[in-house]
Protein chains: 2
Amino acid sequence: MRAILKIGGSVLTDKTEEETLSDRFDDVIETVADADRDGLILVHGAGSFGHPHAARHELGEGGVEGAYETHEAVARLNGLVVGALNEHGADAVPVHPLSCAWRGDTFGFETLPTQTLREEGFLPVLHGDVVAESGSGVSVLSGDEIAVELARLHGDAADVGMCASAGGVLDEEGNRLEHVSSLEEVTEFGGEGVDVTGGISGKVESLLSLPSGGRVFGADELEEYLGGEAVGTLVRR
Amino acid sequence: MRAILKIGGSVLTDKTEEETLSDRFDDVIETVADADRDGLILVHGAGSFGHPHAARHELGEGGVEGAYETHEAVARLNGLVVGALNEHGADAVPVHPLSCAWRGDTFGFETLPTQTLREEGFLPVLHGDVVAESGSGVSVLSGDEIAVELARLHGDAADVGMCASAGGVLDEEGNRLEHVSSLEEVTEFGGEGVDVTGGISGKVESLLSLPSGGRVFGADELEEYLGGEAVGTLVRR
């Protein structure tokens with residue numbers, strides 16, 4: 001039984017074509033729907049539903065213009081994910097961070113609706129989103145941040161799995177590492193190429209902040225991961 | 001400047017036809033968009049987007065089946081409302097109660113995302129919805145309840161306006177009352193017909209629970225209400 005599964009936007013969407021699903025979308029959805037989903041919370045990235053919109057309006061720096069457009073784009077992807085999961089009987093329901101997270105003096109994320117839905121047998125499906133930020137309009141909250149935040153509030157034993165197109169944390173020759181225990185291990189070999197491989201250093205930093213860490217693996221290993229197997233790269237201090 | 005405006009599902013939709021907007025939908029939206037919206041929060045009912053779905057699955061009693069279908073129906077209405085408001089430049093954004101409210105040992109509603117959005121110049125648009133309830137799957141949270149809850153957390157001076165197809169609180173001859181200060185005044189003359197007039201007794205009970213009370217008025221008075229005029233029936237202890 002897994003606690004929190006983040007599926008990257010680059011796994012679910014074709015990042016080269018705006019608002020286009022990837023070829024493996026259906027397979028990934030079916031794998032999640034057919035797995036032991038009891039107690040699972042799903043988070044997905046925005047991929048080509050959201051990133052182009054946020055970039056057009058420079059929402060990385062905060063703003064008001066484009067906030068609705070960006071939210072609607074990723075909410076459309078969320079609707080496709082939730083709808084497809086429910087075609088496989090998954091009892092999935094959408095949870096939108098714009099409705100339950102905010103940045104004021106501190107970052108806040110109300111997770112009780114998500115937790116209650118999960119306890120009632122639903123599969124809550126969250127996503128990277130824009131959220132209100134005091135003084136800046138909105139700012140971007142990534143799926144990785146959401147996954148880690150849910151894990152933090154979930155308690156000490158929460159394992160987090162990140163299914164990413166990079167397939168894991170790779171060394172400079174492209175070989176996957178079994179275990180990463182510090183950010184230096186990534187930046188040492190990653191250099192400027194790190195972000196090109198899907199923001200892996202950000203994922204590593206996020207997972208290292210959790211006592212129980214997490215795993216980064218590829219879409220072809222999703223079924224094994226959900227089945228309880230130790231796949232991909234373990235990221236833990 | 002008004003604080004919280006609830007627009008009834010029967011004002012925005014044709015309750016006799018499933019998922020059909022009312023003839024006055026466009027006028028109502030334009031009136032809200034053209035008003036002084038600074039600091040306003042909008043809440044709308046489900047009307048024929050949601051009530052038929054909830055009734056089919058008997059969600060009044062709680063449940064899991066039909067939860068997604070009902071949420072999606074009212075979220076579609078919310079999308080139409082937000083989209084139409086933004087065609088008039090309203091900077092509206094959706095806030096879904098399924099994502100931010102829950103019923104556990106007590107009822108909870110996280111309003112900081114809504115408040116932060118409002119402070120940043122957005123027009124948050126909430127709606128009647130299903131919310132997770134411990135032990136019951138989901139249950140229905142009405143737009144009226146949301147409006148009153150927002151007012152309660154908003155502070156003492158929050159005025160609440162309820163735009164309803166009944167046009168106000170009526171006496172037994174159908175004449176509108178200027179002021180109602182107790183529920184008995186409604187039930188005395190309302191009898192069994194009360195709920196037929198759009199759940200007016202529920203609205204009165206909700207508004208009486210607020211120190212500052214609120215007003216119930218018709219769609220033809222919406223512009224005056226948003227302009228600061230004292231229209232409709234004042235409901236206050």
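Considering only the stretch A:39-60, state which residues are in a loop (DSSP other than H, G, I, E, B) and in contact (Cβ under 8 Å) with a residue 60 or more places away in the chain.
A:G39, A:L40, A:G45, A:A46, A:G50 - these are the residues of the stretch A:39-60 that are in a loop (DSSP other than H, G, I, E, B) and in contact (Cβ under 8 Å) with a residue 60 or more places away in the chain.
From the set of residues in the stretch A:166-187 that are outside any loop (DSSP other than H, G, I, E, B) and modelled with pLDDT under 90, which is most open to solvent (accessible area, probe 1.4 Å)?
It comes out as A:E184.
Could you tell me whether B:P113 is within 9 Å of chain A (Cβ to nearest Cβ) and either assigned to a helix (DSSP H, G or I) or touching a helix residue (DSSP H, G or I) at 6+ places or on another chain (Cβ under 9 Å) (or both)?
Yes: the conditions hold for B:P113.
Being part of a loop (DSSP other than H, G, I, E, B), of a type in the set (G, A, S) and either modelled with pLDDT of 90 or more or open to solvent by less than 50 Å² (accessible area, probe 1.4 Å) (or both): is that true of A:G190 here? Walk me through how you get there before you give the answer.
On the way: part of a loop (DSSP other than H, G, I, E, B): no; of a type in the set (G, A, S): yes; either modelled with pLDDT of 90 or more or open to solvent by less than 50 Å² (accessible area, probe 1.4 Å) (or both): yes.
No, not satisfied.
Quick one: in the stretch A:61-82, which of the residues that are β-branched (V, I, T) and assigned to a helix (DSSP H, G or I) is nearest to the other protein chains (Cβ to nearest Cβ)?
A:V82
Among the acidic types (D, E) and either buried (at least 19 other Cβ atoms within 10 Å of the Cβ) or part of a helix (DSSP H, G or I) (or both): does that describe B:D27? Give the derivation first.
Values: among the acidic types (D, E): yes; either buried (at least 19 other Cβ atoms within 10 Å of the Cβ) or part of a helix (DSSP H, G or I) (or both): yes.
It is true that B:D27 is among the acidic types (D, E) and either buried (at least 19 other Cβ atoms within 10 Å of the Cβ) or part of a helix (DSSP H, G or I) (or both).
Results for (1) modelled with pLDDT of 90 or more; (2) surrounded by fewer than 20 Cβ atoms within 10 Å (Cβ to Cβ); (3) at positive phi, shown as yes or no for each residue.
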{"residue": "B:I4", "(1), (2), (3)": "yes, no, no"}
{"residue": "B:V11", "(1), (2), (3)": "yes, no, no"}
{"residue": "B:E18", "(1), (2), (3)": "yes, yes, no"}
{"residue": "B:V32", "(1), (2), (3)": "yes, no, no"}
{"residue": "B:I41", "(1), (2), (3)": "yes, no, no"}
{"residue": "B:A54", "(1), (2), (3)": "no, no, no"}
{"residue": "B:G62", "(1), (2), (3)": "no, yes, yes"}
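Checking A:G121 against (1) more than 14 Å from every other protein chain (Cβ to nearest Cβ); (2) more than 23 Å from A:V74 (Cα to Cα); (3) of a type in the set (G, A, S), which test does it fail?
Exception for A:G121: condition (1).
What's the number of the only condition in (1) at pLDDT 95 or above; (2) buried (at least 17 other Cβ atoms within 10 Å of the Cβ) that A:L210 fails to meet?
(1)
Select from the stretch B:88-110 the residues that are open to solvent by 10 Å² or more (accessible area, probe 1.4 Å) and either within 23 Å of A:G66 (Cα to Cα) or more than 7 Å from chain A (Cβ to nearest Cβ) (or both) and list them in ascending order.
Matches in the stretch B:88-110: B:H88, B:G89, B:D91, B:H96, B:R103, B:D105, B:T106, B:F107, B:F109.
Can you name the condition, by its number, that A:V140 falls short on among (1) more than 11 Å from chain B (Cβ to nearest Cβ); (2) within 21 Å of B:L123 (Cα to Cα); (3) part of a helix (DSSP H, G or I); (4) of a type outside the set (F, W, Y)?
Status for A:V140: all satisfied but (3).
Just the residues that are of a type in the set (G, A, S) and more than 18 Å from the chain's Cα centre (by Cα), please, taken from the stretch A:221-237. Quick ask: steps written out before the conclusion?
Residues of the stretch A:221-237 that are of a type in the set (G, A, S), as a first pass: A:227-228, A:230, A:232.
Matches in the stretch A:221-237: A:G227, A:G228, A:A230.
Name the pairs: first residue in the stretch B:67-85 and open to solvent by 10 Å² or more (accessible area, probe 1.4 Å), second residue of a type in the set (S, T, N, Q), Cβ to Cβ under 8 Å, at least 6 apart or on different chains?
Pairs that qualify, where the first residue is open to solvent by 10 Å² or more (accessible area, probe 1.4 Å) and the partner is of a type in the set (S, T, N, Q), are B:Y68/A:N86.
Could you tell me how many of the residues in the stretch A:111-165 are out of contact with any strand residue (DSSP E or B) (no Cβ under 6 Å at 6 or more places or on another chain), buried (at least 20 other Cβ atoms within 10 Å of the Cβ) and among the basic types (K, R)?
Residues flagged as out of contact with any strand residue (DSSP E or B) (no Cβ under 6 Å at 6 or more places or on another chain), buried (at least 20 other Cβ atoms within 10 Å of the Cβ) and among the basic types (K, R) within the stretch A:111-165 amount to 0.
The values are calculated or read from the model by the stated rules, or taken from the named source; none is laboratory data. A quick note: this is a predicted structure, and the numbers were derived from the prediction, not measured. Backbone-built Cβ (ideal geometry, glycine too); neighbour counts: all protein chains shown. SASA here: full protein model, heavy atoms, side chains in, ligands and nucleic acids out. Shrake-Rupley method; radii C 1.70, N 1.55, O 1.52, S 1.80 Å.
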